[in-house]
Structure formats: structure tokens, C-alpha cells
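Just so it is clear, none of the values below were taken in a lab; they were calculated from the coordinates. Predicted, not measured: the structure shown is a model, and the values here were computed from it. All Cβ positions, glycine included, derive from the backbone under ideal geometry; neighbour counts span all protein chains shown.
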Amino acid sequence: MAEMADNTADTVLVDVSDGLATITINRPDAMNAMNTAAKVALRDALRAVADDPAVRAVLLTATGRAFCVGQDLKEHVAKLAEAQESGGGNALSTVREHYNPIVRALTEMDKPVVAGVNGAAAGAGFGFALAADYRVVADSAVFNTSFAGVALTADSGVSWTLPRLIGASRAADLLFFPRSISAQDAYELGIANKVVPAADLAKEAHAVARALADGPTVAYGALKASMAYGAGHTLAETLEKEDELQTKAGASQDHTIAVEAFLAKQRPKYLGR
């Protein structure tokens, strides 16, 4: 396995093997709370794998007992104090500089992203999980919007992703009254795609991501694009977009491979192009 370490810090580990990039948030002693170093590292790592043609799927996970509990509040308090002392500055410029680019990288890359949620996902960490295309969740994990609990509004795309997954009414309930919800509740709400025993999380999340990395990458990218487009456009506009994207997928080598394998009654071996 080759590690891409040139643009990441120890707070985020990146490993690429046979088309699968595994990105691991690595601040276990802080429950993977995001300080500036971690945010920069995660943003840059996601951008790098998104642009890497050798990467066909991404697994986002974490070390320790938490997935990510959001903003590192110790660092945030210090930045608030600095802003007050200087009489200027914006302690929440991190939303524009870090969280927005992270979520856009997750949602806009033309390859599938799996979140292996090993533990608590709160605030921005919840947003990162929601921005993934598929969530494999440990049965011991919990989710919490958290924002209103510290007198903030949603960021990291939660105000967009959460209502689309569970509906506006249920999203409002979780946002106005932040509380921890279990993995099973998350599954029943439609947040978790799959809940597995905590001891099996790493294996199960890797298996899902591995299957996607071995799949028809162009088609997966087109599926992501069409669903994102359809969320904000009319049916007529979405039909036009589907036509455009289907033309692209139909011209891929993987489509030819799939059709030939189907006719030969064989399992296709995709190339990712």
C-alpha cells in the first residue's frame, strides 16, 4: 500500500491501494475533533484523491472511539478571544475556508464515498458522514447535530443533506433539539445504510468501499451527479441531465465490458473508465 503523505499531517492518514483511498481522521485523544491542522489536512487529502485518476472509491473513517465530534471547541474559544481582543476578524471563517471545501469535495468528486462511522459523529462530523454516498455504522455509534447546543446554526452541509435524507420535519426536530440518536435509530430514519457490530466496522466498511472501487466508476460518478442535479431542478431539466450523463456512461469502456460480460454470462471486470 502506498501512503500519500506529502499534503497531509499526522491528524489525517491517507492510504491508496488498488483504486481504493482510505482517509482516516486521526485525533483519537480529542475524539477526532477538528482543529485547524486536521481541517486543512482533510480538505487537502480529499481534493487530492478526488483528482487522482487511480482512485476509484474513497473510504472515510477514523481512529479511536469517535468518528468526529466536530469543531475543536478549545481552539474555537481561543479564536473567539483573539477576535474580541483585536476588535475584528471572524472566528467562524473556518466554515468558508475548511468545512465548505471538505463537504464539496465529498459530494462533488466523481467517485463514490463510503463513511465508516466507528463512533460518535456530531456537528461537522455528522455533516461529513451525511456528505458521503453510503454510511456503514458501528452499532455503538451515535449521531448528534450539536449546533444549537452551542448557539450556532448548521454548517458542513447539514441543512441541505439532513432534510433530504429524513425529511424537513424530522430534520428540524434534530436540529432544534440536538441529542444523541443511536445507530439503530439512524438506520430507521434513513441516515445509516448499514449497521454492523462495532468489532466488524472496519472490515464491513472496507468491503463496501472495495466493492465500489471495483465497480463501474464512470457510472457511479454519473449517478452522483444526476441525484445532486435532480435535488434542485425540475423533472424536465433532470431528464435532460440524465440524457447527457447516460451518453457519457454509455461511451465508457466499462459499459462495453458490462454488456459483453452479460451476453457471455460472465462476471464483468471493470477498469474504471
Structure-based [θ]222 nm, the chain - -39500 (n - 2.57) summed over DSSP H runs of at least 4, per residue, nearest 500: -14000 deg cm²/dmol
Residue by residue through segment 214-229, which ³J(HN,Hα) values in whole Hz follow from phi under the Karplus form 6.51 cos²θ - 1.76 cosθ + 1.60 (θ = phi - 60°), with glycine and proline marked x? 8, x, x, 4, 4, 5, 4, x, 5, 4, 4, 5, 5, 5, 5, 5
Report P(r) for segment 147-273: all Cα-Cα distances, bin width 5 Å, range 0 to the bin holding the largest distance, values in whole percent. 2, 9, 12, 14, 14, 16, 15, 10, 5, 3, 1, 0, 0
Any idea which of V137, T153, P216 is furthest toward the positive side of the dipole for the chain, if Lys and Arg beta-carbons carry +1 and Asp and Glu beta-carbons -1? V137
Given contacts defined as C-alpha pairs under 8 Å and at least six residues apart, what's the relative contact order of the chain, whole-number percent? 16 percent
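Among R56, R179, R65, rank each residue by its count of other Cβ atoms within 10 Å, from fewest to most, as a rough exposure measure.
Values: R56 26, R179 12, R65 15.
Going from least to most buried by this count: R179, R65, R56.
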Please list, in chain and number order, the residues 5+ apart from A57 or on another chain whose amide H is under 5 Å from its amide H, with Hs placed from the backbone. A21
Extension gain, D18 back to E237 (0.36 nm per residue minus Cα-Cα distance, nm): 75.2 nm
Given the C-alpha centroids of segment 98-165 and segment 213-273, what is the distance between them in whole angstrom? 26 Å
Largest fluctuation, G119, G19, G127 only, Gaussian network model of the chain with Cα springs under 10 angstrom, belongs to G19
Give the residue from A105, G190, P163 lying farthest towards the positive end of the charge dipole for the chain; charges sit on Cβ (+1 for Lys and Arg, -1 for Asp and Glu) and the dipole is referred to the Cα centre. G190
Report, ordered by chain and residue number, the lysines lying within cross-link reach of K269, taken as a straight Cα distance under 30 Å and ignoring same-chain residues fewer than 8 apart. K111, K194, K203, K224, K241, K248
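By how many nm would the segment from E97 to A261 grow when fully extended, if each residue of separation counts as 0.36 nm and the alpha-carbon distance is taken off?
Details: separation 164, 0.36 × 164 = 59.04 nm, distance 4.58 nm.
Separation in residues times 0.36 nm, less the Cα-Cα distance, equals 54.5 nm.
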